[in-house]
1. Return the aspartates and glutamates within reach of B:Lys433: Cα separation strictly under 16 angstrom, same-chain partners fewer than 8 residues apart disregarded; answer none if there are no such residues.
2. What 222 nm value per residue comes from the helices of the protein assembly as shown, counting each DSSP H run with n ≥ 4 as -39,500 (n - 2.57) and dividing by all residues, nearest 500 deg cm²/dmol?
3. Just the number, please: buried accessible area between B and A, total of both chains, 1.4 angstrom probe, nearest 100 square angstrom.
4. Classify the stretch B:361-456: rounded, prolate or oblate, from the alpha-carbon gyration tensor (a ≥ b ≥ c, eigenvalue square roots; a/c under 1.5 rounded; otherwise prolate if a/b is larger than b/c)?
5. Note the full-extension length gain between B:Arg59 and B:Gln246 as 0.36 nm times their separation in residues minus their Cα-Cα distance, in nm to one decimal.
6. Considering only the other residues whose Cβ falls under 9 Å of the Cβ of B:Glu326, what net charge follows from Lys and Arg at +1 and Asp and Glu at -1?
7. Could you report the protein assembly as shown's accessible area per residue, 1.4 Å probe, as an integer in Å²?
8. Taking a ≥ b ≥ c as the square roots of the eigenvalues of the Cα gyration tensor of the protein assembly as shown, is the shape rounded (a/c under 1.5), prolate (a/b larger than b/c) or oblate?
Amino acid sequence: MFTTEMVSFLQSGCALVVGTVGEDGVPLASRGWGLDVDAGERSARLLLPAVDPALRNTISRDSRIAVTATNVRTLRSVQLKGLVRDVEPVTEADRERFQRYCNELFGDIAAADHGERVLIERLAPGDVVACGFTVDEVFDQTPGPAAGTRLDGEDP
Amino acid sequence: MTTDIPLRSIERCFTGVRPAVIATAAATGTPNVTFLSRVHVLDDERVALSNQFFSKTARNLAENPHASLLIIDPLTFDEYRMTLVFERRERRGHVFESLRADIDAIAAITGMQDVFNLRAADIYRVVDIRQISSNPDADHPDAAAGRAPDAVAIAELSARLSRCSELGELVATMIDGLDQVLGYHHVHLLLLDESGRRLYTVASRGFDAESVGAEVPVGHGVIGTAATRGAAVRVGNLGQLRKYSQAIRQSWEESAEPSPGPALPMPGLPEARSRMAVPAMAFGAVVGALAADSTEDDAFGPADEAALSIVASLFANAFEALRAEERDVPPDRARPAVGLAPAQPAVTTHIRHFPEDGSTFIDGDYLIKGVAGRILWSLMTQYDDEGRVEFTNRELRLDPTLQLPGFKDNLESRLILLTRRLDERAAPIRLRKTGRGRFHLDVSTSVRLDAADRGR
């Protein structure tokens with residue numbers, strides 16, 4: 001399902017956007033703040049804002065989640081879809097990943113899209129939590145004719 | 001709408017400088033999340049999204065009309081989450097045409113007219129807008145103040161233009177005024193050619209490369225699109241558009257489908273992030289266009305558009321009036337004077353001319369082509385054969401070698417272009433106006449003329 005290159009891409013400073021759905025069927029868009037992929041287990045650990053009541057209301061065990069990772073320089077995009085396993089406090093390793101991720105993402109945005117770093121950093125949440133989820137489907141989401149193509153070898 | 005944040009109060013979020021994010025959900029409850037380039041505000045409660053490649057998003061909306069949108073203020077990086085309900089999909093009408101014009105402009109800018117194709121305009125009702133808590137440790141910045149020219153500056157340039165009594169002076173005053181009075185430091189002034197299919201740059205300011213003489217096909221890019229529509233075009237997210245079109249182009253190449261064709265180079269600053277062009281119109285017709293570039297995102301607003309439109313209109317009307325005056329010089333005033341060429345120093349300038357397209361080179365360097373190139377060749381031939389240095393527009397207009405169209409020949413505009421091009425290149429040959437419809441040829445070296453034939 002995941003090549004080494006794909007894992008490297010997903011764990012880089014890509015912009016991470018997240019789709020979840022409440023019990024009422026209403027979707028919610030949010031941002032992710034770091035992703036760690038376990039290729040063997042077909043699972044991932046996503047860092048989410050700790051203070052976002054609307055987001056927390058849409059995430060529980062077995063709720064569905066979509067995460068799109070986009071390189072802000074090239075717009076190459078990959079979307080993962082799966083089920084939430086758990087939401088838990090972050091570890092020290094998660095905090096390091098959060099810092100590393102922010103540095104890389106904000107550096108890319110400043111270089112590719114301009115903007116003062118100090119302003120871009122306003123986007124970052126004050127604290128994060130960790131959301132574990134299974135990865136059931138992987139899609140190419142890069143703008144163009146191939147958008148929506150499955151990348152995990154499964155039939156759509 | 002259950003929110004205290006009016007749509008209009010966050011309009012900077014809708015310029016496309018920072019991509020938005022949309023999440024939808026299928027009937028099964030599976031979400032889909034993707035970036036989108038721009039959200040259009042329709043009224044106080046509705047937004048429209050252009051439906052081009054949103055295949056999954058469109059399918060989801062057919063099953064579940066709810067959507068969630070993230071937008072960012074490009075100046076402050078404040079982020080908002082909008083809750084939307086899909087209302088309808090339009091494939092014709094005012095909103096569709098407005099979005100299609102926007103898509104067409106983007107396609108023209110990126111040279112991908114065959115790729116960008118608006119399928120529909122999706123209309124959503126906004127039911128909620130909430131600001132997402134940002135980093136509490138970060139300071140809130142002040143939004144940048146508007147920098148558009150005020151009425152005083154516009155009046156000053158208007159006064160300067162109204163004092164111009166001949167075309168060359170008008171062009172010089174306009175380009176100086178755009179820079180010094182209105183504060184647009186990267187500008188092009190273009191005129192429509194005889195065919196009505198191309199715009200050529202008659203003057204520019206603030207560009208490293210020589211741009212006088214550079215051409216833009218009507219209908220291409222921001223400038224060509226403004227001329228086609230007869231309306232201003234303002235793009236504040238050129239950086240995002242470049243990335244977006246590049247990603248699509250690469251995806252197309254990798255998919256082995258027919259490629260959308262080579263990317264067209266965009267005239268102007270290579271690193272421009274904002275570009276605005278307005279048509280210069282007089283008597284109901286497009287005479288030319290004005291274009292301004294900036295290296296800042298979303299640099300131009302409605303006030304800039306209005307200011308540039310006013311001065312473009314003033315320029316176009318003055319230009320047409322002066323051009324008509326110069327064309328109508330009575331024959332006695334236009335009688336050619338045959339001046340003798342003074343003795344020239346030993347330095348020789350080599351002028352090479354290609355009759356096929358009028359392209360003309362000075363000492364191996366390209367100077368100009370088309371009608372302006374043929375004018376120079378005609379003048380230099382007469383100079384070389386007869387020693388003539390005094391000329392009139394009227395006799396040039398009768399010269400069959402110039403291949404001027406019988407109607408609306410643009411001769412005066414081409415003379416200005418040639419004059420400015422020679423000045424810009426510090427050429428040893430210059431044109432100097434000596435009166436209405438008359439000019440003098442200054443040649444500071446010996447010359448050697450060479451009519452080339454590309455076929456050989």
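The values are calculated or read from the model by the stated rules, or taken from the named source; none is laboratory data. Keep in mind the model is a prediction, meaning the values are calculated, not measured. A quick note on method: Cβ atoms are made from the backbone with ideal geometry, for glycine too, and the neighbour counts reach across all protein chains shown. Each accessible area value is taken on the protein alone, full model and side chains, heavy atoms only, with ligands, DNA and RNA left out. Shrake-Rupley method; radii C 1.70, N 1.55, O 1.52, S 1.80 Å.
1. Within the straight-line limit of under 16 Å, B:Lys433 reaches these aspartates and glutamates: B:Glu166, B:Glu169, B:Glu325, B:Glu326, B:Glu390, B:Glu395, B:Glu412, B:Asp423, B:Asp442.
2. My calculation for the protein assembly as shown gives -9000 deg cm²/dmol from helical runs alone.
3. Numbers: alone 21520 and 8400 Å², together 26220 Å².
That pair hides around 3700 Å² of surface in total.
4. Taking the square roots of the gyration eigenvalues as a ≥ b ≥ c, the stretch B:361-456 is rounded.
5. Full extension from B:Arg59 to B:Gln246 adds 64.7 nm.
6. So the environment of B:Glu326 carries a net charge of -1.
7. Using a 1.4 Å probe on heavy atoms only, each residue of the protein assembly as shown averages 43 Å².
8. prolate
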